[in-house]
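Below: one structure, written as C-alpha cells.
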Amino acid sequence: MNLQPSDQIIEPTEGSEPGSDDFDGWFGRGLKFAQLGFPDRAIESFEQAQVIRPDDATIQFNLGTAHLSLGNFVQAVVNLDRAIKLDPSSADAYGNRAVAHAGLGEEDRARRDVETAVSLGAPPEGIESVLAYVRERVNPTQD
C-alpha cells in the first residue's frame, strides 16, 4: 500500500498552494501530505492534480491508495480500476485493489487481484498480512 514515488519527507507549507495548472506542484503536495499521515489532505491535492491530468496512472494509483488508507473502499476501487486500466502492469495497484475488495467483502475479486499482483512480482506475504488486517478490522470475529 505504498504511495509512489517518495524517497524523502518534506513538510508542506501552509498557504503555498500550487497554481491551478501545476500538476507537479499538486502531485508533490499530495505526496507530502500522505507521507506526513494526512490522507484526507493528500486526496484534496491529488484531486487537483487529477483535474489537470485525469489519465495519469500514478495520480489514479495515489488517489486510490489515499482513499484506501481512510477506509473509503468503494472510491479506492474506482481510482485503482482507473490506474490499472492506464497501467495494467502495476502490481501495487492490483495489490491495493485486492485490499479494497476485501474491505468490501468481495473475496473472489480480492483473490483474483492477489493472484495478478503476485504474478506481476508483488510479495504474497505482504499482501496477505494487509488483507488479514483489513478483514479483521472490517469484520472482527465475535468472541
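No value in this document is a laboratory result; all are computed from the given coordinates. Model, not experiment: these values are computed from the prediction. As a convention, Cβ positions derive from the backbone with ideal geometry for all residues, glycine included, and neighbour counts pool all protein chains shown.
Data overview
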{"read-out": "Pairs of Cα atoms farther than 21 Å apart, the range 23-138, %", "value": "33"}
{"read-out": "Extended-chain gain in nm, criterion 0.36 nm per residue less alpha-carbon gap, Ser129 and Glu44", "value": "27.7 nm"}
{"read-out": "Net lengthening on full extension, Val74/Leu120 (0.36 nm per residue, minus Cα-Cα)", "value": "14.2 nm"}
{"read-out": "On Cα atoms only, tilt of 124-138 relative to the major axis of the chain in degrees", "value": "90"}
{"read-out": "With Cα atoms, 0 to 90° folded angle of helix 23-35 axis to the chain main axis", "value": "50"}
{"read-out": "Lys, Arg +1 and Asp, Glu -1 on Cβ, resulting dipole of the chain about Cα centre, debye, nearest 20", "value": "260"}
{"read-out": "Cβ-defined net charge surrounding Trp26, 10 Å radius [Lys, Arg +1; Asp, Glu -1]", "value": "-4"}
